[in-house]
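Each remark here refers to the structure printed beneath this line.
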Amino acid sequence: MKRPWFGDVHRRGEVGQNRYALTFDDGPLPGATDRILDHMKALDAPATFFVVGLFAERWPDLVRRIHDEGHVIANHTWDHWRWGMWCPPGYWRKQIVRTDDLIEKLIGRRPAMFRPPYGVRTPVNHYITRNSAHANIMWTRRAFDGIATTADRIEKRLLATAADGDVLVLHDGREPASRRDASPTVDAVPGVIAGFRSRGLRPAPLHELLNLSAYQ
Ligand SMILES: [Zn+2]
């Protein structure tokens, strides 16, 4: 999608192949990311994790495990600061480069996909992501699981409009300042995958669905 001030945004994937993508934001987080990885392994489903740099630094083994089990790591800023949207280019450059540097140290690859916190795109963060070789990734459907909810509500919400090319966003982590319990998200994962499967849709890696590179 072309927008004069916001550049290219990737939202819905290619249609015609009965695929969708699962993405998880705000992790990694022990007790959530690891349990989601267990589900993904049991269900043979790929996912993309938009990690927060400071959590990746705190729990590097989870980042390595995501990568080792065949999933993709993407960039979701260093500290997920709520008011970053008002910050100048230098702030965004630091947020993105510091997170890429850490991920490269952990898995040997630099992400090529970025999602801004809260999905808030500004001309500034778009300019910086474009200039640092990242694609800006949004979604077609979000779980609204960053707030208090239940697995049942998450499943119903995501399955209500399940469609070819969907990009789903769930949260395996939390905002750094919050104490969110990610259990409803963990518990919803098998039902979401089963529900999409019953509609003839299979999970695909996000970058394949969007025809992008996962890494630089
Ligand atoms: Zn986020």
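Summary of computed values
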quantity: Exposure proxy ranking, count of Cβ atoms within 10 Å, fewest first, for 132, 213; calculated: 213, 132
quantity: Cα Rg over Rh - the range 1-85, Kirkwood; calculated: 1.03
quantity: Cα-based helix-to-principal-axis angle, 183-198 vs the chain, degrees rounded to 10; calculated: 60
quantity: Calculated P(r) of the range 63-158 - Cα pairs past 19 Å, %; calculated: 49
quantity: Helix axis angle, 89-107 relative to the chain longest principal axis, alpha carbon, degrees; calculated: 60
quantity: Cα gyration tensor shape of the range 125-215, rounded if a/c is under 1.5, else prolate or oblate by comparing a/b with b/c; calculated: oblate
quantity: Lysine pair count for the chain [Cα-Cα under 28 Å; pairs on different chains or 8 or more apart]; calculated: 4
quantity: Rel. contact order, % - alpha carbon contacts under 8 angstrom, at least six apart, the chain; calculated: 33
quantity: Radius, Kirkwood style, for the chain when every pair of distinct Cα atoms is counted (Å); calculated: 17.0
quantity: Computed lengthening from residue 44 to residue 9, 0.36 nm per intervening residue step minus Cα-Cα distance; calculated: 9.8 nm
quantity: Fully extended contour minus Cα-Cα distance, from residue 109 to residue 57, at 0.36 nm per residue; calculated: 17.2 nm
quantity: Folded to 0 to 90 degrees: helix 33-43 orientation relative to the chain principal axis, Cα; calculated: 50
quantity: Neighbourhood charge, 12 Å Cβ-Cβ cut-off, centred on residue 197 and excluding it, Lys, Arg +1 and Asp, Glu -1; calculated: +2
quantity: Peptides 147-156, 81-90, 109-118 ordered by average Cβ neighbours within 10 Å, highest first; calculated: 109-118, 147-156, 81-90
quantity: Calculated SAXS-style log₁₀ I(q)/I(0) at q = 0.17, 0.27, 0.35 Å⁻¹ - the range 94-134, Debye, Cα scatterers; calculated: -0.45, -0.97, -1.25
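Each value in this text was obtained by applying a stated rule to the coordinates, not by laboratory testing. These numbers were taken from a predicted model, which means no experiment stands behind them. Positions of Cβ are backbone-derived with ideal geometry, glycine not excepted, and every protein chain shown enters the neighbour counts.
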